1. Which ones in segment 43-97 are among the acidic types (Asp, Glu), surrounded by fewer than 20 Cβ atoms within 10 Å (Cβ to Cβ) and not in a helix (DSSP H, G or I)?
2. Of VAL45, VAL18, which residue is touching a helix residue (DSSP H, G or I) at 6+ places or on another chain (Cβ under 8 Å) and closer than 12 Å to LEU90 by Cβ?
3. Which residues, taken from segment 1-24, are of a type in the set (D, E, K, R) and modelled with pLDDT under 80?
4. Look through segment 98-120, keep the residues that are at pLDDT below 80 and either touching a Pro at 6+ places or on another chain (Cβ under 8 Å) or closer than 17 Å to PRO9 by Cβ (or both), and return whichever of them is most open to solvent (accessible area, probe 1.4 Å).
5. Based on this model, can you work out whether SER28 counts as in a loop (DSSP other than H, G, I, E, B) and surrounded by 14 or more Cβ atoms within 10 Å (Cβ to Cβ)?
6. With (1) more than 11 Å from the chain's Cα centre (by Cα); (2) hydroxyl-bearing (Ser, Thr, Tyr); (3) surrounded by 15 or more Cβ atoms within 10 Å (Cβ to Cβ) as the list, and THR39 as the residue in question, which single condition is left unmet?
Amino acid sequence: RSNVSYHLPAALAGGDWVQAANADKLHSAADLLAFAMKTDGMVYVAYDRRLPNPEWLQRQFQPTDLVIAVNGQPMNIFARHVHGGESLTLGSNAETLKLKSCNMYVVFLRAGAAAVQAGR
């Protein structure tokens, strides 16, 4: 796809973000990242499109039409509406170690945000 943005889309701007160490991109854990939202809002995950989508991502998030670039590589954006007090646990970046050239996922948090471009 050619709709890769080198700028942060409006849906992701103005929120908080969590970028785990890129060195963790091949670390295997069912609970690599866990957090809770204090208020209702949206959680977005930017995921390297070169990797197969892991089960935890497919189960908890919906694909969007948004794409950003990290280190020059397209990252598909997935979204989920969360309720205040809801906690999420995100798993490993890569379920296979076959592809060593990849980016670690990035999480964006938007308190009070409504779903933006969720679904394809």
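The values are calculated or read from the model by the stated rules, or taken from the named source; none is laboratory data. Quick caveat, the model's predicted, so the values are computed rather than measured. So basically every Cβ, Gly included, is an ideal-geometry build from the backbone, and we count neighbours across all protein chains shown. Just so you know, the surface numbers come from the protein's heavy atoms only, side chains and all, with ligands and any DNA or RNA stripped out. Shrake-Rupley method; radii C 1.70, N 1.55, O 1.52, S 1.80 Å.
1. Across segment 43-97, the qualifying residues are ASP65, GLU86, GLU95.
2. Being touching a helix residue (DSSP H, G or I) at 6+ places or on another chain (Cβ under 8 Å) and closer than 12 Å to LEU90 by Cβ holds for just one of VAL45, VAL18, which is VAL45.
3. Scanning segment 1-24 gives ARG1, ASP24.
4. Among residues in segment 98-120 that are at pLDDT below 80 and either touching a Pro at 6+ places or on another chain (Cβ under 8 Å) or closer than 17 Å to PRO9 by Cβ (or both), the one most open to solvent (accessible area, probe 1.4 Å) is ARG120.
5. When the stated conditions are applied, SER28 does not pass them.
6. If we test THR39 against (1) more than 11 Å from the chain's Cα centre (by Cα); (2) hydroxyl-bearing (Ser, Thr, Tyr); (3) surrounded by 15 or more Cβ atoms within 10 Å (Cβ to Cβ), just (3) comes out false.
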